[in-house]
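The values are calculated or read from the model by the stated rules, or taken from the named source; none is laboratory data. Only a predicted model underlies this, so the values are computations on that prediction, with no experimental measurement involved. FYI the Cβ positions are ideal-geometry reconstructions off the backbone, even for glycines, and counts take in every protein chain you see. Heavy atoms of the whole protein, side chains included, go into the accessibility calculation; ligands, DNA and RNA do not. Shrake-Rupley method; radii C 1.70, N 1.55, O 1.52, S 1.80 Å.
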Amino acid sequence: MKSPHQKLRLLTLMSLLLEETDEDHPLTVPDLLERLERRGLSAERKAVYDDIEALRDFGLDILCNRRKPAGYFVGGRQFELPELKLLVDAVQSSKFITSRKSSQLIRKLETLTSAHQAERLHRQVFVHDRVKTMNESIYYNVDRLYDAIAADRQITFKYMDFSADGQLRFRREGERYAASPYALAWADENYYLVAYYETYGRITHFRVDKMADIRLSEARRSGKEIFRGFNLAEHVKYTFGMFSGEQREVLLRFENRLAGVVIDRFGRDIDLRRADDDHFDVRLPVTVSPAFFAWVFQFGGGVRILSPSEVAEQLKERARLLSEQYAD
């Protein structure tokens, strides 16, 4: 039976190999013995060789480099360095994660590789000047929302928005909202709750970082018939700026130069149909909202709403009001 000293030595050896080694930074047996000695764990060379074999049997990918730099190192890890770089990029660029929490998460990601590779990860971190949410309660909000979805319960909450002084203020003087949560979506660099809102009788979105004092209700969720067969990815694709509104099938005519823009937004599986030598048509089930009209406006004369006529009229009315605002 192994003594406590032997067990501690084995665990310490595993920690040393995971934290300090990679292909470019192996440790020889004398290196490992010296580091164990620093921790008050004396051992002989044979014991270290035996421990390395035990760790290999356990599943740790310990390789031996015979060429310079020679020594033992951990090869395959749960996350490769390019994967960790991708995760760090996602964390630091995410608006809904605060600067403080971003730094904490990145430090935790750095522990998944060697200290030497962690330095390479840290060199690409630029958190402090990014636009970030100031509301750290988002992490607890997410937990409560998933709990409500799993329990099939409605929620009540207070909702905030920025006022002209740049401060978050409660909407409706702090009156509580009630909704039936169904999904969480990360869209347009923010985290949104997708819910059935009985006040409007339709699907509505709420920014998770603007929700406060979320409570589970005893009432079961309503709106289940609307969410039967609901596809979150498709919903986000055709909803602009996560603004709620009526979903309509809209026929749009684009200049050919905008084909890449349309495919980037809606995917390759949409049906682009040639209208003439310079244009193509596409029919899309979009959520008609101010954000949708803003998306159309950005292309100027490069896109035209062909149908429904009432959606085209709404766009014309918005253009008229905008023109009047800048009239002399």
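Residue under question is Val250, and the condition is that it be among the hydrophobic types (A, V, I, L, M, F, W, C), open to solvent by less than 60 Å² (accessible area, probe 1.4 Å), at pLDDT 95 or above and more than 31 Å from the chain's Cα centre (by Cα); does it hold? Lay out the reasoning, then the answer.
Values: among the hydrophobic types (A, V, I, L, M, F, W, C): yes; open to solvent by less than 60 Å² (accessible area, probe 1.4 Å): yes; at pLDDT 95 or above: yes; more than 31 Å from the chain's Cα centre (by Cα): no.
For Val250, the condition - among the hydrophobic types (A, V, I, L, M, F, W, C), open to solvent by less than 60 Å² (accessible area, probe 1.4 Å), at pLDDT 95 or above and more than 31 Å from the chain's Cα centre (by Cα) - is not met.
So Gly241 clears everything in (1) on the phi > 0 side of the Ramachandran plot; (2) in contact with a helix residue (DSSP H, G or I) (Cβ under 7 Å, 6 or more places away or on another chain); (3) loosely packed, with under 12 Cβ neighbours inside 10 Å except one condition, right? Which one?
Evaluating Gly241 over (1) on the phi > 0 side of the Ramachandran plot; (2) in contact with a helix residue (DSSP H, G or I) (Cβ under 7 Å, 6 or more places away or on another chain); (3) loosely packed, with under 12 Cβ neighbours inside 10 Å leaves (3) as the failure.
Looking at the stretch 45-78, which of its residues are in contact with a helix residue (DSSP H, G or I) (Cβ under 9 Å, 6 or more places away or on another chain), open to solvent by 30 Å² or more (accessible area, probe 1.4 Å), more than 16 Å from Ser15 (Cα to Cα) and among the hydrophobic types (A, V, I, L, M, F, W, C)?
Result: Cys64, single match.
Of Ile214, Ile226, which residue is in a strand (DSSP E or B) and either over 28 Å from Phe297 (Cβ atoms) or out of contact with any Lys or Arg (no Cβ under 6 Å at 6 or more places or on another chain) (or both)?
On the way: Ile226 fails: in a strand (DSSP E or B).
Of Ile214, Ile226, the one residue that is in a strand (DSSP E or B) and either over 28 Å from Phe297 (Cβ atoms) or out of contact with any Lys or Arg (no Cβ under 6 Å at 6 or more places or on another chain) (or both) is Ile214.
Looking at (1) within 18 Å of Ile263 (Cβ to Cβ); (2) open to solvent by less than 20 Å² (accessible area, probe 1.4 Å); (3) not hydrophobic (A, V, I, L, M, F, W, C), which is the one condition that is false for Thr287?
Among (1) within 18 Å of Ile263 (Cβ to Cβ); (2) open to solvent by less than 20 Å² (accessible area, probe 1.4 Å); (3) not hydrophobic (A, V, I, L, M, F, W, C), the lone unmet condition for Thr287 is (1).
Tally the residues that are within 19 Å of Ser114 (Cα to Cα) and assigned to a loop (DSSP other than H, G, I, E, B), restricting the search to the stretch 69-95. Walk me through how you get there before you give the answer.
Initial filter on the stretch 69-95 (within 19 Å of Ser114 (Cα to Cα)): 69-89.
Retained after the next criterion (residues that are assigned to a loop (DSSP other than H, G, I, E, B)): 69-70, 75-80.
Looking only at that region, the number is 8.
Being under 18 Å from Asp188 (Cβ atoms) and β-branched (Val, Ile, Thr) is the filter here, so list the residues in the stretch 234-261 that pass it.
The answer is Val236, Thr239, Val261.
So which residues in the stretch 140-167 are under 20 Å from Thr98 (Cβ atoms), of a type outside the set (S, T, N, Q) and exposed (fewer than 14 other Cβ atoms within 10 Å of the Cβ)?
Tyr140, Asp143, Tyr146, Asp161, Phe162, Gly166
Name the pairs: first residue in the stretch 141-168 and over 10 Å from Arg215 (Cα atoms), second residue of a type in the set (Ser, Thr, Tyr) and open to solvent by less than 30 Å² (accessible area, probe 1.4 Å), Cβ to Cβ under 6 Å, at least 6 apart or on different chains?
Tyr159/Tyr177
Taking the residues in the stretch 257-288 that are basic (Lys, Arg) and in contact (Cβ under 8 Å) with a residue 12 or more places away in the chain as candidates, determine which candidate is farthest from Arg318 (Cα to Cα).
Within the stretch 257-288, the first condition is being basic (Lys, Arg), and the residues that meet it are 257, 265, 268, 273-274, 283.
Filter once more, so that each one left must be in contact (Cβ under 8 Å) with a residue 12 or more places away in the chain: 257, 265, 283.
Details: Arg257: 25, Arg265: 23, Arg283: 22 Å.
Top of the filtered list is Arg257.
I'm checking my understanding of the structure. Among residues of the stretch 25-41 that are touching a helix residue (DSSP H, G or I) at 6+ places or on another chain (Cβ under 7 Å) and open to solvent by 70 Å² or more (accessible area, probe 1.4 Å), which one is farthest from Tyr72 (Cα to Cα)? Working first, answer last.
Applying the first criterion (touching a helix residue (DSSP H, G or I) at 6+ places or on another chain (Cβ under 7 Å)) to the stretch 25-41 yields 25, 27, 29, 32-33, 35-36, 39, 41.
Then drop every residue that is not open to solvent by 70 Å² or more (accessible area, probe 1.4 Å), which leaves 25, 39.
On the way: His25: 9, Arg39: 19 Å.
Result: Arg39.
Just the residues that are more than 14 Å from Phe243 (Cβ to Cβ), touching a residue at least 24 places away in the same chain (Cβ under 8 Å) and among the basic types (Lys, Arg), please, taken from the stretch 289-328.
Listed by number, the list holds a single entry, Arg304.
Which of the residues spanning the stretch 81-100 are within 22 Å of Tyr192 (Cα to Cα), modelled with pLDDT of 85 or more and crowded, with 18+ Cβ neighbours inside 10 Å? Explain how you work it out, then say what you get.
Residues of the stretch 81-100 that are within 22 Å of Tyr192 (Cα to Cα), as a first pass: 87-100.
Now drop any that are not modelled with pLDDT of 85 or more, which leaves 87-88.
Val88 - this is the single residue of the stretch 81-100 that is within 22 Å of Tyr192 (Cα to Cα), modelled with pLDDT of 85 or more and crowded, with 18+ Cβ neighbours inside 10 Å.
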